[in-house]
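Notes to accompany the following structure.
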Amino acid sequence: MSVQELLNLTAPRAGNVDPDNCIQCAKLRKKAGKAIESQDLQAVYAAAEAMTVHMKYGHPEDRREIGNELPGPSPRISS
């Protein structure tokens, strides 16, 4: 991930933000969909982690929760 991609991912948006109206959310959903279609587990975990980072830092005022956690450590980040 480039520095610019990370900055775009973590740039805060004010208030509750509908994921259908957020460009970064749309890009992450597309990336996750491609990873699932290709059955690339590492890419799926990477996309899920990016979504979690974006949710936390990109939408800091959005207090809605998804309540799902991925099992185990990410093969891409951890080790």
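Just a few scattered comments:
- Residues that are out of contact with any Cys (no Cβ under 8 Å at 6 or more places or on another chain) and closer than 15 Å to Y57 by Cα, drawn from the range 19-46: C22, I23, Q24, C25, L28
- Scope the range 1-32; condition among the acidic types (D, E) and either under 12 Å from M51 (Cβ atoms) or surrounded by 10 or more Cβ atoms within 10 Å (Cβ to Cβ) (or both); matching residues: E5
- In the condition set (1) on the phi < 0 side of the Ramachandran plot; (2) exposed (fewer than 10 other Cβ atoms within 10 Å of the Cβ); (3) at pLDDT 90 or above, Q42 is compliant with all but (2).
- Positions within the range 11-35 being in contact with a helix residue (DSSP H, G or I) (Cβ under 9 Å, 6 or more places away or on another chain) and outside any helix (DSSP H, G or I), in sequence order: A11, P12, R13, V17, D18, C22
- The set of residues in the range 45-66 that are in a helix (DSSP H, G or I) and exposed (fewer than 13 other Cβ atoms within 10 Å of the Cβ) contains only K56.
The values are calculated or read from the model by the stated rules, or taken from the named source; none is laboratory data. Just so you know, these numbers come straight off a predicted model, no measurement behind them. In this analysis, Cβ positions are derived from the backbone assuming ideal geometry, glycine residues included, and neighbour counts consider all displayed protein chains.
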